Amino acid sequence: MKALIERIEPLIWVLFGAGFMVGSLLLPAWVFTFGIAQPLGWVPDGALAFERAHALAANPLGKLLLLALIALPIWNAANHLRHFSIDLGGYERDGAVAPLLYAGALVLSVVAIVAVIGL
Amino acid sequence: MSEVTKKTVVVTRFDPDQDEVPKTQSYEIPVQSDWKVLDALNYIKDEVDPTLSHRWSCRMAVCGSCGMMVNGEPKLTCKDALSNYGNTIEVEPLANFPVVRDLVVELDGFMERFKKVKPWIIRAKELAVEEGATRQSPQELADFKQWSMCINCMLCYSACPVVGNDPHFLGPAAIALGHRYNMDSRDEGSAERNEVMLEEGGVFACSYANECSEVCPKDVDPAAAVQQGKALSLLDWAKGLVLPRGSE
Amino acid sequence: MARMAHPQAMQPAKPGPTRTAAARMPQKFPTGGRYLSYIAFGATSFIYLYVALQVLRMVNALASGEAAWNALLESLAHPVYLAFNAFTFLVLVWAGWRFLIKLSAKAQPKKVGPLRPPPAQAVPPLFGALWLAASALVIVVLWGIFP
Amino acid sequence: MEVIEHDVVVVGGGAAGIRAAIAAIEEDPNVSVAMVSKVYPMRSHTVSAEGGAAAVAREDDTLEMHGYDTVKGSDFLGDQHVIEYFVEEAPKELTLLEHWGCPWSRNEDGTVATRAFGGMTTKRTWFAADKVGFHMLHALFQHSMQFDRIVRYDEQFVTRLLMEDGAVKGVVALDMRQGEVRLIRGRAVVLATGGAGKCFPFTTNGNIKTGDGMALAYRAGVPLKDMEFVQYHPTGLPGTGILITEATRGEGGHLKNSEGTRFLVEYDYGLGTKAELGPRDMISRAIIQEIQAGRGIEGPYGQYVHLDLTHLGEAKLKERLPFVLELARTYVGVDPVTQPIPIRPVVHYMMGGVDTNIDGATDLPGLYAAGEVACVSMNGANRLGSNSLTECLVFGARSGRCAVAFARGASAGDEASLRAQGEEEAHRIETLRGKNKGGETIAGVRREMQQAMEDGCGVYREQGSMDAAVSALAQLKGRYADLVLRDTSKVFNTEIIAALELGNMLDVAEAVAVSAAQRQESRGAHTRRDFTTRDDQNWLHHTLCHFDPAGPRIDRKPVTLGHWEPEERKY
């Protein structure tokens, strides 16, 4: 398992970097909209109504974007947590932690793909 | 001479012949206002306690011998002014290194990592002297010059959490040096070097704490080299997926 | 006392000829000085994970129909959610700044084969502009301004 | 006792030592080379050289001109066949360094850039900003790492040469980590240990420059040559002695006195239009004269003058002299962009050293020397700035090659007899370690030695002060036997290293003082108030100083002249 992870490390790093990039560029405005502005009633009426939201999301471009917004930050989190765990828990645990995190990320990515296709 | 005051220097002592683990020893000494931390250590060595061991030579921040932890931060002691600190200064051997004696740390682990990245010009065909000097534009020089400024003082290794946790990690200075040669227009060895960068403990072991660059006394910015190394070795990795090793 | 480093940290392949004292981590690690920001940055993974799962939840709600979607929007108005999302927003802005401006800018190679990315000094403003543009785009679309 | 065997043993890991080791491998890829150094090679003092390395590179330059400049700079005491060989090899060696990755600064067209330097008629100094020694050393060291047949022995302090039948058979080295002595046998030995600036209190030299190789050869019977010629660099920082490179003047910096006057232009110091681009000995004397004329500036470490770079502009300083900016800001709190730098002459370089021929060979079969430790006689009475880095390469390479050739025909020596010498040395060191009786401290004796050297062998010398230095040194050598050592640990015992280094320095310092006291003329860096002119009639010869337990013995050796006839040295 360790050898496999080592072999695909560059790929994981690409997913991590892409996740961080997408997460940094898009998520603050996203969270601001859904988590703060919408509950406080700042978002214009109807903008987030079901029909409009569904139409945006079901559009192929929308699907792709949603997939990116879910799966990539998950890989970002998985890889970052792995280093976080080495920092706080030491290197010896990495043999167990890394496969767990990456397997989790993989599962969640599959779930995300299924969910997005199901739109 | 400049003004003289008293300061207490708390120094880590360790003599493997006598001590199970390192201990500390305090020296109250007169210091001049223009002294560096190294001057205080040399005063102790010369006038108070000749059994103190520490490495130093050029005292002008270029030989890289005198890196130590000063109040918990890795510092080049010949460059670090005593006036930066209060009346008590704590000097310890570099963190993340095994300690040989007092303030002297084990360097051979670094020397092995240093050699691993093949820090020399690799060319398919070596140039003959008669061919004269290679042309290299000022811009091509600027592409790698920054990475060639490392004095191997090891401060970055002492600051890096990955170095302390992961025994395989090549570490900031070694990777930056490999990157220096990869970026040199005269070199053709990046594929060879990137194999090392892609191994366990290579560039991807780095978690980008950026501490190496924070403490570097020569503004080498090793963290940038490591990240750039990730991107560039990635290309070689991808190439390796398409073309099996040894083809080309 | 500082934490011990890995017993093999910076040891040569063949141990040296005299006994050494074990390597220690820097005194300030993990929560002193600049290490605190670094560790906090690592901890932002939980936030990214949380946000990603929230987006997943939204996709599911959209797939389940109008009632589910409205219930979800409703739930976000709960004060605890609101407060946590405000915190999340601040964390994302800080992490985004550290990642985009502080760390990523200098991670661009000076040359990739014959290609030369923009010079290092130009990258932070460029990334800053990109960040603003991307955020504006998200607002414009989600707030119904376009399309 | 551990015994290791190699074909060639190189002592020292600076520019000359590494170049010698590489040259040995180039000469014969099967040769096995030991590189023994008391520090990790990248710590060697080559690292501190700043301004550049000289070699003819430009269209408007010729080997003849480089040769003449060097001969004239040497005040006609350089051996001309050596200088001719040097100028011819110089461009090749610097080109090799270029091929090995040295980041030489470049012209817009990609060719290697050159800058002006003191005493050179045209721009012929290759440079890598103002960290040339650093870059050369690191390029050499890193290049050398690919050769598995160069085996490094880092932090091993060589204390004695192994001898058999009047020939060198290796070295005895004290492993600093373990505190144990081991034998490193070799059929030829190359000394490349650098100079001995630490014999003086105020020097640009690092702590490791303690004349170890000079003392090793000297005690083994090889004379030290031209030791009276000690170069004072005109521009060191007061207090620390940290070097501010001559490249500051090469790039157009001015020297100014307390009145803000460019005194090298205003007053006649024999430099003509060269002014700040004059040779080091003459500029150092001019500075001392300015100070004595009351035009110095008073500071906490005595009088100084100003090196003014403010008119060069920040952009140029950052591009060409970034290290100078860093040093001035860090060590004297002065920003050269807006303020003049305080400077005064400081001990920098030993023109003298182990007497060798053009091959780097000494009279002791199997012993070679190159770099500052050696006196191959290319620098004569005064070295030109930027010739020494090139010298390390040219003569490091040649002595490495010649050592291999010698080793081929030499025997390895009889192990039993060599072991006996090792045991003897081990015993000597064992008795020194933690020798807790005696009344003298290392720092105390060292300080008095350095003071004696400054008083007796400064920029200006006279019989009385030099004689006083000679007797002070003889007395200090007596007191050395009464040294007290308190560190009993075997592991990384730096006290015992300091004691051994002090012993080396005392021998070398004595050779300097005795050589100086007997030369009754002023030539190059040897300037006497009581004999103010050069005297070719009586003194156009090298000084040889032989070791003798009863005190140094002086001898002379002819200078090899050639097509450059001695003439008055005026610029």
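For segment D:474-529, enumerate the residues that are part of a helix (DSSP H, G or I) and of a type in the set (S, T, N, Q). Within segment D:474-529, D:Gln475, D:Thr494, D:Asn504, D:Ser515, D:Gln518 meet the criteria. Looking at this structure, is C:Val93 surrounded by 15 or more Cβ atoms within 10 Å (Cβ to Cβ) and at pLDDT 95 or above? Answer is yes for this residue. The set of residues from segment D:146-172 being closer than 21 Å to D:Val31 by Cα and buried (at least 24 other Cβ atoms within 10 Å of the Cβ) comprises D:Leu161, D:Leu162, D:Val168, D:Lys169, D:Gly170, D:Val171, D:Val172.
Once segment B:92-127 is narrowed to residues that are over 18 Å from the mean Cα position of the chain (by Cα) and more than 9 Å from chain D (Cβ to nearest Cβ), the residue that is nearest to B:Ala173 (Cα to Cα) is B:Ala124. In the condition set (1) farther than 30 Å from D:Leu183 by Cα; (2) part of a helix (DSSP H, G or I), D:Val47 is compliant with all but (1).
Picking from residues in segment B:167-180 that are of a type outside the set (A, V, I, L, M, F, W, C) and crowded, with 24+ Cβ neighbours inside 10 Å, the one that is nearest to D:Arg106 (Cα to Cα) is B:Arg180.
Scanning segment D:297-323 for residues that are part of a helix (DSSP H, G or I) and of a type in the set (D, E, K, R) yields D:Glu314, D:Lys316, D:Lys318, D:Glu319, D:Arg320. Scanning segment B:128-166 for residues that are of a type in the set (A, V, I, L, M), assigned to a helix (DSSP H, G or I) and within 12 Å of the chain's Cα centre (by Cα) turns up B:Met149, B:Leu155, B:Ala159, B:Val163. Answer yes or no as to whether D:Ala220 is small (Gly, Ala, Ser) and buried (at least 24 other Cβ atoms within 10 Å of the Cβ). Taking the combined requirement at face value, the residue does not satisfy it.
Tell me, yes or no, whether segment D:73-87 has at least one residue that is in contact with a Leu (Cβ under 9 Å, 6 or more places away or on another chain) and either within 14 Å of chain B (Cβ to nearest Cβ) or under 12 Å from D:Ala53 (Cβ atoms) (or both). No, that holds for no residue.
In segment B:190-239, the residue that is farthest from C:Ala120 (Cα to Cα) out of those that are hydrophobic (A, V, I, L, M, F, W, C) and not in a helix (DSSP H, G or I) is B:Cys206. Among the residues making up segment D:22-36, a single one is touching a strand residue (DSSP E or B) at 6+ places or on another chain (Cβ under 6 Å) and within 14 Å of another protein chain (Cβ to nearest Cβ): D:Met35.
Conditions (1) among the polar types (S, T, N, Q); (2) more than 7 Å from every other protein chain (Cβ to nearest Cβ); (3) surrounded by fewer than 22 Cβ atoms within 10 Å (Cβ to Cβ); (4) more than 30 Å from C:Pro79 (Cα to Cα), marked per residue:
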{"position": "A:Ala3", "(1), (2), (3), (4)": "no, yes, yes, yes"}
{"position": "A:Arg7", "(1), (2), (3), (4)": "no, yes, yes, yes"}
{"position": "A:Trp13", "(1), (2), (3), (4)": "no, no, yes, yes"}
{"position": "A:Phe16", "(1), (2), (3), (4)": "no, yes, no, yes"}
{"position": "A:Val22", "(1), (2), (3), (4)": "no, yes, yes, no"}
{"position": "A:Ala29", "(1), (2), (3), (4)": "no, no, no, no"}
{"position": "A:Phe32", "(1), (2), (3), (4)": "no, no, no, no"}
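Among the conditions (1) part of a loop (DSSP other than H, G, I, E, B); (2) of a type in the set (Ser, Thr, Tyr); (3) within 12 Å of chain B (Cβ to nearest Cβ), D:Thr95 misses just one, which is (1). Might you let me know whether segment A:12-30 holds any residue that is in contact with an Asp or Glu (Cβ under 8 Å, 6 or more places away or on another chain) and small (Gly, Ala, Ser)? The answer is no, given that none of the residues of segment A:12-30 is in contact with an Asp or Glu (Cβ under 8 Å, 6 or more places away or on another chain) and small (Gly, Ala, Ser). Against the list (1) modelled with pLDDT under 95; (2) of a type outside the set (A, V, I, L, M); (3) within 14 Å of the chain's Cα centre (by Cα), the condition B:Cys216 fails is (1).
Exactly one residue out of B:Ser83, B:Ser53 is of a type outside the set (Phe, Trp, Tyr), more than 8 Å from chain D (Cβ to nearest Cβ) and either on the phi < 0 side of the Ramachandran plot or more than 19 Å from the chain's Cα centre (by Cα) (or both): that is B:Ser83. Can you find even one residue in segment D:114-123 that is out of contact with any strand residue (DSSP E or B) (no Cβ under 7 Å at 6 or more places or on another chain) and either basic (Lys, Arg) or under 28 Å from D:Ala361 (Cβ atoms) (or both)? Looking through segment D:114-123, none of the residues is out of contact with any strand residue (DSSP E or B) (no Cβ under 7 Å at 6 or more places or on another chain) and either basic (Lys, Arg) or under 28 Å from D:Ala361 (Cβ atoms) (or both).
When you go through C:Pro119, C:Pro147, C:Pro79 one by one, which is the residue that is out of contact with any strand residue (DSSP E or B) (no Cβ under 9 Å at 6 or more places or on another chain) and away from chain A (no Cβ under 11 Å)? Spell out the reasoning first.
On the way: C:Pro147 fails: away from chain A (no Cβ under 11 Å); C:Pro79 fails: away from chain A (no Cβ under 11 Å).
Only one candidate qualifies: C:Pro119.
Do we find that D:Val87 is under 26 Å from D:Gly562 (Cβ atoms), surrounded by fewer than 24 Cβ atoms within 10 Å (Cβ to Cβ) and not charged (D, E, K, R) in this structure? Criteria not met by D:Val87.
Residues in segment D:488-537 that are of a type in the set (Phe, Trp, Tyr) and at positive phi: D:Phe492 alone.
Look at segment A:35-51 and say how many of its residues are surrounded by fewer than 22 Cβ atoms within 10 Å (Cβ to Cβ) and facing chain C (nearest Cβ under 7 Å).
The initial filter retains those residues of segment A:35-51 that are surrounded by fewer than 22 Cβ atoms within 10 Å (Cβ to Cβ), namely A:36-51.
Next, from what is left, pick out any that are facing chain C (nearest Cβ under 7 Å): A:36, A:38-39, A:43-44, A:46-48, A:50.
Final tally of qualifying residues: 9.
The values are calculated or read from the model by the stated rules, or taken from the named source; none is laboratory data. None of these values were measured; they are calculated from a predicted model. No Cβ is skipped: glycine too gets one built from the backbone with ideal geometry, and neighbour counts run over all protein chains shown.
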